[in-house]
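Data first, discussion second: the structure below is written as structure tokens.
The values are calculated or read from the model by the stated rules, or taken from the named source; none is laboratory data. Nothing here was measured: the structure is a model prediction, and the numbers come from that model. With ideal geometry, Cβ positions are generated from the backbone for all residues, glycine too; neighbour counts draw on all protein chains shown.
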Amino acid sequence: MSDKPDHQRPEHPDFWDKRFDEGTTPWNAGGVPQALRDYVAKQEGRPSALIPGCGHAWEGAWLAQQGWEVTALDFSAAAIEAARVLLGNWQGRLVCGDFFSFAPPAPYELVYERAFLCALPRKLWEDYGRRMHELLAPGGRLIGFFFFSDEPKGPPFGTTPEALDTLLSPWFVREDDCPVGDSIPVFAGRERWQVWRRKD
Ligand SMILES: C[S@@+](CC[C@H](N)C(=O)[O-])C[C@H]1O[C@@H](n2cnc3c(N)ncnc32)[C@H](O)[C@@H]1O
């Protein structure tokens, strides 16, 4: 049990509510990253997609506008409210719930990651790998941005290429790994775009 109040514990929604309420959201890209646009342009179908820890949900709104079946999930009520206000014409499912306990009607074909793993205290990371596997259908893909740093403190909590491999390889096979050209300052030079396919 931590002695810290909930608003100082990133595993608790109060931590994020406080930051959204104060407008202190330095991770907010304010738009859709190019690597996601490029990935989507190459898709033939429109996979069912989950965006866990969606925050302002820019990408969710963009995918939904293109007819994708998107669920954007966040356990911070203030984040969901910020997304709802910002994206007045939201077309997808915007859900307030916890990634670790949320019960979707069916597994997804795609999960999009941005600034979510690095928002979780490292003690939750093993569960992240298992949970991503559980939320995806066989052959489904975990795509997105992973943050690399050896700074012990966070958020953002960085990983290393080796640690990320150890975390995801039991569940996934990596299919792509590229540098990112349009990072915002907090992630610049320290994030990579990756695609991981769920093992059957
Ligand atoms: C650093 S923000 C990133 C938001 C968004 N992905 C973006 O790129 O702007 C991390 C988000 O994850 C959410 N979050 C953290 N733990 C969560 C959990 N267990 N379930 C759902 N959302 C969670 C927080 O509320 C916060 O909105």
Next on the checklist: Here is a list: ARG84, ARG46. Which entry is assigned to a helix (DSSP H, G or I) and surrounded by fewer than 19 Cβ atoms within 10 Å (Cβ to Cβ)?
Outcome noted: ARG84
Checklist entry - In the range 44-78, which residues are within 8 Å of the ligand (Cβ to nearest atom) and closer than 16 Å to GLU113 by Cα? => result ILE51, PRO52, GLY53, CYS54, GLY55, HIS56, ALA57, TRP58, GLU59, LEU73, ASP74, PHE75
Checklist entry - Does PRO152 satisfy being assigned by TED's automatic domain parsing to the domain that holds GLU113, out of contact with any Leu (no Cβ under 6 Å at 6 or more places or on another chain) and under 25 Å from VAL32 (Cβ atoms)? => result no
Checklist entry - Tell me, which residue of the range 62-75 that is surrounded by fewer than 23 Cβ atoms within 10 Å (Cβ to Cβ) and of a type in the set (Gly, Ala, Ser) is nearest to HIS7 (Cα to Cα)? => result ALA64
Checklist entry - In the range 16-37, what residues are assigned to a helix (DSSP H, G or I) and either of a type in the set (A, V, I, L, M) or closer than 18 Å to VAL111 by Cβ (or both)? => result ALA35, LEU36, ARG37
Item to check | Of all residues making up the range 154-179, the number that are buried (at least 19 other Cβ atoms within 10 Å of the Cβ), over 14 Å from GLY139 (Cα atoms) and touching a strand residue (DSSP E or B) at 6+ places or on another chain (Cβ under 7 Å) | outcome: 5
Checklist outcome for this item: The residue from LEU73, LEU142, LEU87, LEU110 that alone is in contact (Cβ under 8 Å) with a residue 12 or more places away in the chain, under 11 Å from the mean Cα position of the chain (by Cα) and under 23 Å from ASP182 (Cα atoms) is LEU142
